[in-house]
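The values are calculated or read from the model by the stated rules, or taken from the named source; none is laboratory data. Values in this document were obtained by computation on a predicted structure and should not be read as measured data. Positions of Cβ are generated from backbone atoms using ideal geometry, with glycine treated the same way; all protein chains shown enter the neighbour counts.
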Amino acid sequence: MRRTLEGLQNPGVQIACDEDLVYLEYADDIVFIFEEEEKAQVFFDELTKVIPSFGGLGSALGATWDRLAVEHRLIWLVKRLKSAAIGQDAAKQWPFDWHLPLNDEKCVHMSFGGDSASSFVMHGEKGPEDITRIDAKKDLGIGLSPNLSFSLHLEKSAQKAFAVLRMIRRTFFRVTRMDLHILYGTYARPLLEYANPVVYSGRTKDVILIERVQRAATKMVAGLKSMDYETRLVVLDLFPLDYPRLRRDLILTSCLNKAWPTASELMSIENSGLLDRVADLEKRSADLGNEVAGLRNSLADCLRRLSLLESNKGTALCQTRPYTTTPSRPGTTVATTPTNKPAPHRSEGGPNRRGNSKPRPTTNVSTSRDGPVGSHNLQRIGNKSASSTALDRHASTGPKEPTYIANEGILRVFLHGRAINVYLPSTIMDNFDLYAPQPAPDETLKLEWVYGYRGRDCRNNLFYLPTGEIIYFVAAVVVLYNIEEQCQRHYLEHTDDVTSIALHPDCITVATGQAAGHGKIQNKDGGARLCVVDDAQDHVISVWEWQKGKKITDTKCSADPVVAAEFHPLDESSIVTCGKNQLNFWTLDGNTLSKKSAIFETGKISCDKPKFVLCMAFAENGDLLTGDSSGNIIVWRHGSNHISQICHNAHDGGIFSLCVTKDGRLVSGGGKDRRLVFFDVALNPTDEVKELPELHGSVRTIIQGPGDVLLVGTTRNTILQIAPGMEFSSLMFGHSDEFWALASHPQSHQFLTAGNDRMVILWDALSKQAVWAKELNDPIHCATFYPPYSEPVDGLVNGDRPESPNGLVQGVAPLIALGSTSGRWLVLDSIRHEVIAAHSDGIGEQIQCISYSPNGQYIALGSRDNSIYVYQVLEGGRKYSRVGRCSGHSSFVLHLDWSADSRYLRSESGDYELLFWTGNDCRQVVSLSSLRDVDWATQTCTLGWCVTGVWPDGGDGTDVNACNIYPNSALLATADDFGKVKLFQYPAIRPKAEFHAYNGHSSHVTNVAFLYDGSRLISTGGKDTAVLQWEVCV
């Protein structure tokens, strides 16, 4: 961030600060770089006392200059070169011309020129290169580092940029196009601008790595993932990496980071005319994106049909598109059955969630190919028609197609332009046909159970139905949960996060709203009208005749957030909204909505206006009760906007929910104090107070359940129930933050999840309940169970029991190894729920993956420091001894697998490297052909001959997050960035293998795992914090 230094006589001096250094600039000619801003300020204060300008600076100061340069830790002094045509001698001479000798102890000397003044070269792996002929390197870049390796500079910048993108994804739940311009331009783009000049064009890997940052950033905007990278750049109007960055983004970022939500503050710095233009451009960009996506799908369908006609199979391949039925009781889920009617081809690249005017059915079992037909099919068409030239031209401009080198048995695939060679097993290499179709498997998935609840950022989202079910939502699924019968029904028509829900007075009809659609909805005027408040800048409130799909009226509600909207139960023309700095009473008169604001400060009874009115409820007589951020409960008479009664300090902190029970009493739920407080009909507090366990968080919503039971949704995504005289019990448990760790139990229908909320939860797939949950000190990123034992055991850990012939300890209780984001890894006893071992051993970065060897003698950990650490397992998993470290990856390790005989490891990194190692001594295996027939115990790596078909066209290497195979190796499941769970035949050896795709998650799917017997598949969401349990149907 630049600013003019105060107190300087020359206003041309500016200061620029970043995380590590402070830059002081003068007239774009001289740059002083310090390690601390305070020292820079002192330096210039002292400097300007001696001389008012910088002309002849060194000669005027004399000895003072030498003292200042050492005492104030001046690291580097450079002159910004106006032209690349400068010789090495001239570059060395200019400091002395200015009488400013460099501090050699603090400087790093870099040779950047040749002997001739007209020559300017860069020395790289391919020898000297004329810098004036390299477009991206015409500006001289000077790096401050003891190691001036091009690859090192680039990798460090890219790693930091990726860390910034992860920070943005975790901080901002929803990133719009404008948000991306601001956040990406401020935090990530400067890192790329530094790295770009040191990219050596001869190193394809370096070029790909830096481009991955911008690719990943453009995919953060929801609704754009289905587009290819070039289209996303056009829609987002992003500059190439060698363009200068505008400084205005720093101002906007300051507004964006001040508080949530900041849309109104952010837009307030712009004039209204610019806002209109921006809105119009965004709309046009969205329309263009939708049109491009539609054209791509249409073209893909045309190419597919032409290819199939040419194949002389008689009839075209008809792919079925299923339909989704209405939820019906008492089944556990929506059944999806393919119709007999052929459906047009549909690309499964991902939904354009914010561009479609109609929601696309989501609980679908679709059999499809990923993307358009490749060039190998186009070549088979030949020149028999006038369209062949155009088709070949289209193929030549698309992504590179896989090729097969038959004499070597090598299948070459391309990810983001990078060639990856995979060696086929000797049993299939001779007869392998690259163009043979691979159909989708006969098995399908059916959603059986949904674990989780969205309470961390949504309100009024839990209802009890006369059918004995509770209805709520998580991810893109609306769940109807029958507590007594322990079964669920699911509504899966949403294409993005469900954020709001309203129940019709008939208690049968339900309205739900999703992200980028409707914000808050309510329906209580007899059922004829629906009230909607969106999440736009002005939070427009609208009233609809929902059965006709007709909007009656709309108007601006407030520039501040609106948290709730309710029709008055006794007056169909009255609506109440509340939120930040507001409590408004609306009257619907024909097609007009008029507003009357609540008055807090004046009247017979008054109080200070709260910052937030957080919740409201209606008494039986029609009075309105509100709870606010000051902990007060206020009563407003029907038809009045003045306070009629107030209960001060009912809670320590904000009141998040109010519930009027069947007998007319009031129950309030606190946020900060986590308490339920009970009041009589006169609003007098009783002695009955219940406090939620800290594990479950604060109260989010309270409703009346069956009988006298109260149901409570919490901020940590848990649903609790409590009866009079009883304690809280859990109905639904869930994670409260993003999680990636998933592991299935080796001998039972149980599985484990863990995440950034530091919670480790063991689930039972048969009882559909959490068995136990434990909170640790560190966020967890990966997990694995100790391998299967020689016989089922019910006892506890005992290191003295004898070993079986295969080296496994008999009678050892299941152990769980957990890798944390801090670099520590733990071993947990799954029976006692106790940590029995903890290690770090200098691993300072996140542990990305962890796995025991099949024989139980080793454990391997893949880290973000680009290394794999192997330990020997001793005493039945109670002790561990480090064997060695596998070093060779140039990027972080993503996945790893052991061979069935526990001799070899294979690992996949973030820059698409697939390397192989010996497990007992951590040596890299360079002769890959010798491992072509190795049998692998697991399949978590998303690269390899058996998973070639899972990658969509145009995939950039980040689309597929995880994969897992069916225990009998017949099925392969993948989790991708588009919210899809896909099911393939295993091995998915041919490109564009057909698959079944299933929706339900609203954000990227982080992991998938089959249970030990293959009867079910578990998938985990990222930001949606949902766990979905799928039944494998044959």
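A few points about this structure:
- For segment 697-728, filtered to residues that are over 16 Å from Phe656 (Cα atoms) and among the aliphatic types (A, V, I, L, M), the residue that is surrounded by the fewest Cβ atoms within 10 Å (Cβ to Cβ) is Met726.
- The set of residues in segment 765-811 being at pLDDT 50 or above, among the small types (Gly, Ala, Ser) and either closer than 19 Å to Asn1007 by Cβ or surrounded by 13 or more Cβ atoms within 10 Å (Cβ to Cβ) (or both) consists of Ala765, Ala770, Ala773, Ala783.
- So His895, is it modelled with pLDDT of 95 or more, under 29 Å from Thr958 (Cβ atoms) and not small (Gly, Ala, Ser): yes
- Close pairs from segment 588-606: first touching a residue at least 12 places away in the same chain (Cβ under 8 Å), partner basic (Lys, Arg), Cβ under 6 Å, at least 6 apart: Phe600/Lys609
- For segment 582-617, residues that are surrounded by fewer than 15 Cβ atoms within 10 Å (Cβ to Cβ) and under 35 Å from the mean Cα position of the chain (by Cα) total 1.
- Within segment 579-606, if we keep just the residues that are part of a loop (DSSP other than H, G, I, E, B) and touching a strand residue (DSSP E or B) at 6+ places or on another chain (Cβ under 6 Å), the residue that is nearest to Ile655 (Cα to Cα) turns out to be Ala598.
- Filtered residues of segment 691-720 (kept if under 23 Å from Ser500 (Cα atoms) and among the hydrophobic types (A, V, I, L, M, F, W, C)): Val699, Ile702, Ile703, Leu710, Leu711, Val712, Ile719, Leu720
- Taken together, Asn649, Asn641 contain a single residue that is assigned by TED's automatic domain parsing to the domain that holds Ser597 and either surrounded by fewer than 16 Cβ atoms within 10 Å (Cβ to Cβ) or under 13 Å from Leu683 (Cβ atoms) (or both), which is Asn649.
- Flag for Gly549 being farther than 20 Å from Val660 by Cα and either touching a Phe, Trp or Tyr at 6+ places or on another chain (Cβ under 8 Å) or assigned by TED's automatic domain parsing to the domain that holds Gly513 (or both): yes
- Verdict on Ser902 being assigned by TED's automatic domain parsing to the domain that holds Ala962, in a loop (DSSP other than H, G, I, E, B), within 18 Å of Gln848 (Cβ to Cβ) and polar (S, T, N, Q): no
- Considering residues of segment 999-1022 that are of a type in the set (A, V, I, L, M) and part of a strand (DSSP E or B) only, the residue farthest from the chain's Cα centre (by Cα): Leu1017
- Restricting segment 903-922 to residues that are out of contact with any Ser or Thr (no Cβ under 9 Å at 6 or more places or on another chain) and closer than 15 Å to Gly862 by Cα leaves a set whose member that is surrounded by the most Cβ atoms within 10 Å (Cβ to Cβ) is Ser907.
- Scan of segment 684-696 for residues that are farther than 28 Å from Pro466 by Cα and surrounded by 19 or more Cβ atoms within 10 Å (Cβ to Cβ), ordered by number: none
- Of all the listed residues (Ser1019, Ser1015, Ser969), the sole one being under 27 Å from Arg215 (Cα atoms) and hydroxyl-bearing (Ser, Thr, Tyr) is Ser1019.
- Residue selected from segment 829-865 under the condition touching a Gly at 6+ places or on another chain (Cβ under 7 Å), among the β-branched types (Val, Ile, Thr) and assigned to a strand (DSSP E or B), by the criterion farthest from Asp778 (Cα to Cα): Ile850
- Residues satisfying the stated conditions in segment 853-879, i.e. on the phi > 0 side of the Ramachandran plot and acidic (Asp, Glu): Glu875
- Looking only at segment 943-973, and only at residues there that are among the polar types (S, T, N, Q) and either crowded, with 21+ Cβ neighbours inside 10 Å or not assigned by TED's automatic domain parsing to the domain that holds Leu915 (or both), the one that is modelled with the highest pLDDT: Asn964
- Just one residue in the set His889, His895 is buried (at least 17 other Cβ atoms within 10 Å of the Cβ), assigned to a strand (DSSP E or B) and not charged (D, E, K, R); that residue is His895.
- Restricting Arg665, Arg674 to residues that are closer than 30 Å to Phe733 by Cβ and either in contact with a Gly (Cβ under 8 Å, 6 or more places away or on another chain) or among the β-branched types (Val, Ile, Thr) (or both) narrows the list to Arg674.
- Each residue in segment 639-656 was checked for being part of a strand (DSSP E or B) and closer than 15 Å to Asp608 by Cα, and 6 of them qualify.
- Here Thr1025 fulfils each of the conditions (1) buried (at least 24 other Cβ atoms within 10 Å of the Cβ); (2) assigned to a strand (DSSP E or B) apart from (2).
- Any hit, segment 975-997, residues being of a type in the set (Lys, Arg), crowded, with 23+ Cβ neighbours inside 10 Å and assigned to a strand (DSSP E or B): yes
- With respect to the conditions (1) among the hydroxyl-bearing types (Ser, Thr, Tyr); (2) in contact with a strand residue (DSSP E or B) (Cβ under 6 Å, 6 or more places away or on another chain); (3) in a loop (DSSP other than H, G, I, E, B), Tyr435 falls short on a single one, namely (2).
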